[in-house]
Amino acid sequence: MSSRLELAITVAAVALAAAGAVVAITLATRDHPPSLHPQPGKPPVPANVPGPGGAAIRQAFVQWPTGSLDTLQRLGRDYPKAPAVQLYLGIGLLWAGYDREAEAALEQVKKKGIGYDTPWEIAADNVLHPQYFTDYPVFTPIRPSALLSQGSQLQVQGHQHSAERLYLEAARRAPNDDQAQVAVAVGRFDKDNLTASFSQLGPLTRRFPQSQVVRFYLGYLLAWTGQGDPAVAQFQKAIALGPNTGLGRSAKAFIDRVRSAGTGSAKK
């Protein structure tokens, strides 16, 4: 089990317990993210903004709110295909209370020709969906596979769709390989549409009933999206399929962390 996955499991477990357990995600919410809400105070000042208008964006946040939104909107018109500009325009609109306009700007970042298949797309999704764990879950192969390893590295670099293409090719070449099928589900992860992943993972529990990697990553994605109780249930099933494997130990660590953090919160 990679240290990156172990860290993600630990942080997700603590975050779920600290939040009081479960965020119920309905199918409608998965397909239609909730409206954004204005944020109090000043937005965080970006340390460095690459690309056109970077210095002006940073200055707009430094001097917020004096002339800031006018500057960001002007930059948005001047650089409609610059992902950093559109991202920070969305953040500025969010802080100013223009919910629909903020959501539109952030969704723009995710489109092809702008921030699609780059870390900017994931950054926009983080702002659009603060109720979920930050960034995207990354698949880590449990058996040697050049395609899956390359895809995993692309995910780490923020190239979600490029990774998905490699995962799909791996699944095409090995249709009976459970880990390749799971990788496809993880590669399809999109906070705007969680069903893209879960509709792939759900049937795999029936197709591969004794697969630990299926149960583990179903639990992992449930945890990532704040669904604590279902995540624990899947991790328990993963443990039952092999408590001494890397996945089994990570699943147990997640459950232990949730219980420990939950007990600590209850004592307060």
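Which members of the stretch 61-87 meet the condition of being open to solvent by less than 20 Å² (accessible area, probe 1.4 Å) and over 22 Å from residue 121 (Cα atoms)?
68
Residue-by-condition table, conditions (1) open to solvent by less than 50 Å² (accessible area, probe 1.4 Å); (2) of a type outside the set (D, E, K, R); (3) under 18 Å from the mean Cα position of the chain (by Cα):
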site: 52; (1), (2), (3): no, yes, no
site: 100; (1), (2), (3): no, no, no
site: 109; (1), (2), (3): yes, yes, yes
site: 116; (1), (2), (3): no, yes, yes
site: 132; (1), (2), (3): yes, yes, yes
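Against the definition (at pLDDT 95 or above, over 20 Å from the mean Cα position of the chain (by Cα) and open to solvent by 10 Å² or more (accessible area, probe 1.4 Å)), how does residue 241 come out, yes or no?
yes
Scan (1) within 24 Å of residue 135 (Cα to Cα); (2) touching a Leu at 6+ places or on another chain (Cβ under 7 Å); (3) surrounded by fewer than 17 Cβ atoms within 10 Å (Cβ to Cβ) for the single condition residue 258 breaks and write down its number.
Failing condition for residue 258: (3).
State which residue is nearest to residue 214 (Cα to Cα) when the search covers only the stretch 143-161 and only residues that are over 15 Å from the mean Cα position of the chain (by Cα) and surrounded by fewer than 18 Cβ atoms within 10 Å (Cβ to Cβ). Working first, answer last.
Here is the first cut: in the stretch 143-161, the residues over 15 Å from the mean Cα position of the chain (by Cα) are 143-151, 153.
Going one step further and asking which of them are surrounded by fewer than 18 Cβ atoms within 10 Å (Cβ to Cβ), we end up with 143-144, 146, 149-150, 153.
Numbers: 143: 14, 144: 17, 146: 20, 149: 17, 150: 20, 153: 20 Å.
For the stretch 143-161, the residue satisfying everything is 143.
Which helices (runs of 4 or more DSSP H) sit wholly inside the stretch 62-178 and have at least 2 residues that are within 30 Å of residue 217 (Cβ to Cβ)? Spell out the reasoning first.
Details: elements: 68-78, 83-96, 99-109, 119-128, 146-156, 160-173.
Output list reads 83-96, 99-109, 119-128, 146-156, 160-173.
Does the stretch 179-221 hold any residues that are under 19 Å from the mean Cα position of the chain (by Cα) and not in a helix (DSSP H, G or I), and which are they?
Once the filter is applied, which keeps residues that are under 19 Å from the mean Cα position of the chain (by Cα) and not in a helix (DSSP H, G or I), the stretch 179-221 yields 188, 189, 190, 191, 192, 193, 194.
Please determine, by comparing only the residues of the stretch 222-233 that are out of contact with any Pro (no Cβ under 6 Å at 6 or more places or on another chain) and either part of a helix (DSSP H, G or I) or charged (D, E, K, R) (or both), which one is most open to solvent (accessible area, probe 1.4 Å).
Quick first cut of the stretch 222-233, residues out of contact with any Pro (no Cβ under 6 Å at 6 or more places or on another chain) only: 223, 225-233.
Pick out the ones that are also either part of a helix (DSSP H, G or I) or charged (D, E, K, R) (or both) and you get 223, 228-233.
Numbers: 223: 5, 228: 8, 229: 106, 230: 56, 231: 0, 232: 28, 233: 39 Å².
Top of the filtered list is 229.
The values are calculated or read from the model by the stated rules, or taken from the named source; none is laboratory data. Please read these numbers as outputs of a predicted model, since none were measured by experiment. Every residue, glycine among them, receives a Cβ derived from its backbone with ideal geometry; neighbour counts consider all protein chains shown. To get the accessible areas, we keep the full protein, side chains included, count just its heavy atoms, and leave off ligands, DNA and RNA. Shrake-Rupley method; radii C 1.70, N 1.55, O 1.52, S 1.80 Å.
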